[in-house]
Amino acid sequence: MRVLSKLVWVALMLPFIMWSCGPVDEPRIIPQTASTLTSPSAGTSIVLTEAEKEDTIFFQASIPDFGVTGNYTYTLEMARGGTNFATVVGLGSSTTPTVKVALGELNKKIVAAGLEPNVPGNVDFRFKTTIDRSLSPLVGTATTLSITAYKDAVILRNLFLVGNATAPGWSNDNNNPALFRDPANKDLYVYTGFFAVGEFKVLEKLGQWQPQYGTNGGAAVSVNPGGGSDPGAFAIGTAGYYTFTLNLAANTFSIVPFTGTSNVFYPTVGIIGSSTAGGWDSSTAMTNLTFDKHLWHITATVTDGEIKFRANDAWTINWGAITPISGKAELGNSANIPIVAGTYKMWFNSLDGRYIFIEG
């Protein structure tokens, strides 16, 4: 009876309780406005020339409104027109609403994005702004400019392996092995090494999933340059050593079992030469890839000069070649590999002698 009495009391009081409660105030929404490009203005046509590559272009942003006061950082981003920023290219940042970009650098990034030199093409620009408060960045709407780039020096594309058939797995920034670019054909890549059972693809930029290369069946190469659908993967049915050849000019590939000797391993491999820290007197050790003990890598800062690869800190086993940047070194070749000063990620394959130096 006590329980029934309490229920009756609550039922009688409920209308009065509901009547006494006023409307609930919703939290105030703080309006925010992102920065947009104000200069150059939309539709502006710009023609870049090599003679002006040292000059600077100024990109002006509007002032953002985060709804609170603070200090802003403006980051200018670029993408090929019409791709909805599937592949974002950073052009620099500033704590003022003006970002300066060297014309030569802008030209390189436009050509690298896929625009044909000497032909007007649309390029999208936008500003991403941050504030020194616990607030998310604001990304402004795109402004499209028509830009004509000039034909710069040949841009060498670097490609990297990714996938569960390869050392980094499906991580796009995990010391991914580089494919070895042919020194005479910038669109031809050869990689001989161990592959596990599984699949793999090829990436162009570490840390990004596009541009991405694969296949949708057969021997044809499929690519998603950004903003499209990703291709299918290359497949490995049996673990072992294979030679993977990729020809981007012909859009073809092949995966062929390696028939040479693959059971000769070296305790150490290093770089040596006038460009290295030890000169011609001592090797600078490279690091072995556990997944494939024929693959060696190092990040090294070198001076103008020459280098070679050698095993076991001795001259008994060494590799030489004459082509800079990339090539195929021959065992016992007396030639030295020329190199210009800089910091490079170097990859060397002691199975077939191929090497590639990636600047940066």
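Quick look at the numbers
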| item | result |
| --- | --- |
| Estimated dipole of the chain in Debye, rounded to 20 [Cβ of Lys and Arg +1, of Asp and Glu -1, Cα centre] | 840 |
| In nm, spacing of pseudo-spin labels at ALA112 and VAL197 (7 Å Cα→C-beta vector) | 4.0 |
| Percent of alpha-carbon pairs separated by more than 17 Å within region 274-329 | 42 |
| Region 114-243: radius of gyration over Cα atoms, expressed as a fraction of 2.2 N^0.38 Å | 1.32 |
| Computed over region 244-360, Cα set: Rg, Dmax in Å | 14.4, 44 |
| Listed residue (GLY214, ALA112, MET78) projecting farthest to the positive dipole end of the chain, Cβ model | GLY214 |
| 1.4 Å probe accessible area per residue over the chain, in Å² | 51 |
| Tilt relative to the chain, helix 2-20 - C-alpha long axis, 0 to 90 degrees, to 10 | 90 |
| Equivalent ellipsoid semi-axes, region 193-252, via Cα gyration tensor eigenvalues times 5, rooted, Å | 20, 13, 11 |
| DSSP bridge orientation in the chain - percent antiparallel, rounded to nearest 5 | 95 |
| FRET efficiency, 1/(1 + (r/R0)^6) with R0 30 Å, evaluated for ASP304 and VAL256 via beta carbons | 0.20 |
| Computed over the chain: relative contact order in percent, which uses C-alpha pairs under 8 Å that are six or more apart | 11 |
| Accessible area of the chain belonging to carbon and sulfur atoms, whole % at 1.4 Å probe | 55 |
| Cα-projected label distance for THR144 with GLN32, points at 7 Å along beta-carbon direction, nm | 2.7 |
| Given [x] 23.5; [y] 20.4; [z] 24.4, the label whose value is Kirkwood radius over Cα pairs in Å derived from this model | [z] |
| Cα→Cβ-extended label distance, 7 Å offset, between THR323 and VAL340, nm | 1.8 |
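The values are calculated or read from the model by the stated rules, or taken from the named source; none is laboratory data. Source: prediction; values computed, not measured. Backbone-built Cβ (ideal geometry, glycine too); neighbour counts: all protein chains shown. For the accessible areas, the whole protein counts, side chains as well, though only heavy atoms, and no ligand, DNA or RNA atoms are used. Shrake-Rupley method; radii C 1.70, N 1.55, O 1.52, S 1.80 Å.
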